[in-house]
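What follows is a short report on a single structure.
Read the figures in this text as sums done on the coordinates, not as results from a lab. This one's a predicted model, so the numbers in the text were calculated from it and none came from an experiment. Cβ sites come from the backbone with ideal geometry, for glycine too, and all protein chains shown count toward neighbours.
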Amino acid sequence: MPKSAYRLRLPGPTEVPARVLLATARPVLNHRGPEFAEMLGETADMLRPVMGTRNEIMVFASSGTGVMEAAVANTIAPGEKVLILTNGQWGGRFKSIATALGLGNDVEEIEVAWGDAVSGEALRERLAGGGYAAVIAIHNESSTGAVSDLEAIGAAVAETDAILIVDSVSGLGGIEMRQDDWGVDVLVSASQKALMCPPGLGLASVSDKAWKRIDAERGQARFYWDFRKALDWAKKGQTAFTPPVTLVAGLHEALTAMHEEGMANVLSRHARLSAALRAGAEALGLALFPSSPITSNTVGVFHVPEGIDGTAIVRAMYEDHGSVIAGARNAFRGKMIRIGTMGSISVEDILMDLDHLGQVLVKLGADCDAEAGVDAASTFLGRNG
Ligand SMILES: *Cc1c(COP(=O)(O)O)cnc(C)c1O
């Protein structure tokens, strides 16, 4: 057990505000009754501006991976070609899903180095070869802190018959999303990241272009995940199967809080606080990991200094300070740390992260001033008021 209070500072799940937790503690409603229908309808109404869409919103009991699988299962049939834009861990997850669904023979990838992102031009060149049913992109690659240029990617895909499937599990609510304007055909997300809810809700929103693929029966294997059933029930203010009623209440409350703050303010808070964390980390000698043109506002990913073990940083952050941050469970194990900058985060959270990080680095023998991170972040925040 840590010596101090538990601080959940992962790139998901994120800390859940008290008002959201309290909302999840309200009595369970009849999921076929008018009270739940009203709550679900309002939740969808509040989600649409966050997603930048006018689509119906479908809600599932699942983690993010569930709706990732749903997106593939509904839109792609055996023999249809899929192009995955892989720049980290989550493109690989989509490949595993497609393979498990028996679509593996027709999966292609554009792979770039971890930390980078696939450009619109690279995609356009590849699409000229033709014949893809779907392109899959990760909005915010939480394993590296790289953000995809969805506007450019969407524009390239829109020129073709392919649909664009986007995983914004760790972006939505913390990084701008304009689904309709950018031509994102299937957008999937989940409750436990920037939407600051407990884990357990998967979300999906689908364009008319994608509905044509979904509605055309070509042997897609789907039952629980059938978007056609989900849409029919969503229109009635219900879900096809018993939903996690308490989590919908939590999401309703979280979205209420986000709209009270104002979406533009929510996004600029993420931008400002993540930049403050980066400024502080740099002052402590932690180089930024992502090299992509767009850097994440929802997760800070950093190389650890030469000679310091990243897993020791993660352990000491927890044991000495109660701060639960992430390392890497891949080739970068011990070489990077990741800190969530999404959801209900405040200036105090970021300064405390940097205070703890400075102390831990000095304890582990890093050549830095323990206070340099807090100082640099404070200076940054003072200038960017
Ligand atoms: C967290 C995350 C997911 C979802 O993971 P689950 O554990 O299934 O909820 C998917 N994609 C990205 C980019 C994520 O950051």
For A240, the lone unmet condition from (1) surrounded by fewer than 16 Cβ atoms within 10 Å (Cβ to Cβ); (2) free of Cβ contacts under 8 Å to residues at least 24 places away in the same chain; (3) part of a loop (DSSP other than H, G, I, E, B) is (1)
Taking segment 167-181 and keeping residues surrounded by 24 or more Cβ atoms within 10 Å (Cβ to Cβ) and more than 10 Å from the chain's Cα centre (by Cα) leaves M177, Q179
The condition of being within 11 Å of the ligand (Cβ to nearest atom), more than 20 Å from T75 (Cα to Cα), in contact (Cβ under 8 Å) with a residue 12 or more places away in the chain and of a type outside the set (K, R) holds, among S142, S119, only for S142
Given the condition in contact with a helix residue (DSSP H, G or I) (Cβ under 6 Å, 6 or more places away or on another chain), over 20 Å from L29 (Cα atoms) and within 16 Å of the ligand (Cβ to nearest atom), answer yes or no: does some residue in segment 241-258 qualify?
no
Checked segment 12-38 for anything surrounded by 20 or more Cβ atoms within 10 Å (Cβ to Cβ) and among the hydrophobic types (A, V, I, L, M, F, W, C); matches are V16, V20, A23, F36
Given the conditions (1) assigned to a helix (DSSP H, G or I); (2) over 23 Å from the mean Cα position of the chain (by Cα), every one holds for N30 apart from (1)
